[in-house]
Amino acid sequence: MGVERRHALASAALGRTTVPVRAEAEEPAPLTGVAGQIIDISPHLVILENPDGVEERLVIAPWATAWHGSPVNPVDLPAGTRVMIRARQSGRVAERLWGDITRVTGIVRTLGKDGRDLTIELDGGPHRGRRVIVVPYGASGRIRVRHPQLEPGYLFDAIGTRRDGVTHARLPATSQPTYRAASVPEPPHAYRAVQSKISGAAAWSDAFDDGEAGVAYPMLERADSECEDAGVSCTGLPYLALGSMLYVGNVCESRSSVLPIVACGCMAGRFCDRCVECGTSPRGRIAELSPLSYVELGGELTNGCFNARVGLG
């Protein structure tokens, strides 16, 4: 079934027309996400090479902050660091920089020890594959408070740094669900067509290419998405097709965008958690954004989620 046909059917299910969603209210000044690798940095200027190999220069705002496993001054980010930058004024003024940041989301397979550090092998699904991460001893207490069931079969979600091929988990991205990954709670029995938008939590993922805009969505047809793990969610989401356009609104920041569905959010659909960044979202992850799209919607990468509303775009 083609994208256009799926779009029309989803519009009918949502009680919507096929006219693209527009901003419902005047939004604040736009934010720009800038990805790249630092070539040089000073207290007032950062020079980086973007994913297309083009050199970019951004002024560093006096109020700018940075994170590189922990809060640091922007000037302390070393050359060679991969950065995601939140910028204003058409991407010319950097106000927030995240260095070598990554997110590890998946199902615990095995655990081990490397000295005092903990090692975890995760199954991140067909798009991320399996990877081994290190939980440094200094971060293990904070991780275990939010992830008490560090056992095979349970879900894991943390934010950390990746450098020289090694991933270190630094912060828990969420509280661990109490159920095993194979026991996702059932969604509501029926989706009500009068509901034009669905509320829940939006997260971000490192499964996207640097500088890529888009969203991963849990409820995709398996044949369309070529993902055997698709179609799992504890939220009553309608089925959409790969390539559909999805309206995503950040409730906390009053920002919205219409983004292409470029991947299957099969791992996000297993998390029936809530986002508590501003109020408390309804239960369930309804979208997983690329870092670029997440930042441009006002999300803070180290927070891991924002309260969101989605609808057909």
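Subtracting the Cα-Cα distance of H127 and S70 from their residue separation scaled by 0.36 nm leaves 17.7 nm.
On full extension, the segment bounded by A182 and I39 gains 47.1 nm, given 0.36 nm per residue less the C-alpha separation.
To the nearest 10, the accessible area of V251 is 80 Å² with a 1.4 Å probe. In this rough spin-label picture, where each label sits 7 Å from Cα along the Cβ direction, the R144-D114 distance is 1.9 nm. Residue ranking by accessible heavy-atom surface, 1.4 Å probe, largest first, among K197, K113 comes out as K113, K197. Taking the 1.4 Å solvent-accessible surface of the range 253-313 as the whole, the part contributed by carbon and sulfur is 42%.
Residue-wise HN-Hα couplings along the range 275-286, as the Karplus relation 6.51 cos²θ - 1.76 cosθ + 1.60 with θ = phi - 60° gives them from phi, are 9, 10, 6, 8, x, 10, 6, x, 6, x, 8, 9 Hz; Gly and Pro carry x. Across the chain, the relative contact order, built from alpha-carbon pairs under 8 Å that are at least six residues apart, equals 19 percent. Sorting D114, D206 by solvent-accessible area of protein heavy atoms yields D114, D206, largest first, with a 1.4 Å probe. Counting only protein heavy atoms and a 1.4 Å probe, the chain has 45 square angstrom of accessible area per residue. When the inverse distances between all different Cα atoms of the chain are averaged and flipped, the Kirkwood radius reads 20.0 angstrom.
Our helix-only sum for the chain, with -39,500 (n - 2.57) per DSSP H run of n ≥ 4 divided by its residues, gives a mean residue ellipticity at 222 nm of -2500 deg cm²/dmol.
For the range 96-117, backbone nitrogen atoms closer than 20 Å to the point 7 Å from A29 Cα along Cα-to-C-beta are found at 96-98.
With each label modelled as a point 7 angstrom along the Cα→C-beta vector, the V258-E55 pair spans 3.9 nm.
The values are calculated or read from the model by the stated rules, or taken from the named source; none is laboratory data. What you see is a predicted model; the values in this text were computed from it and never measured. Note: ideal-geometry Cβ built from the backbone for every residue, glycine included; neighbour counts use all protein chains shown. Areas reflect the complete protein model, heavy atoms only, side chains present, ligands, DNA and RNA absent. Shrake-Rupley method; radii C 1.70, N 1.55, O 1.52, S 1.80 Å.
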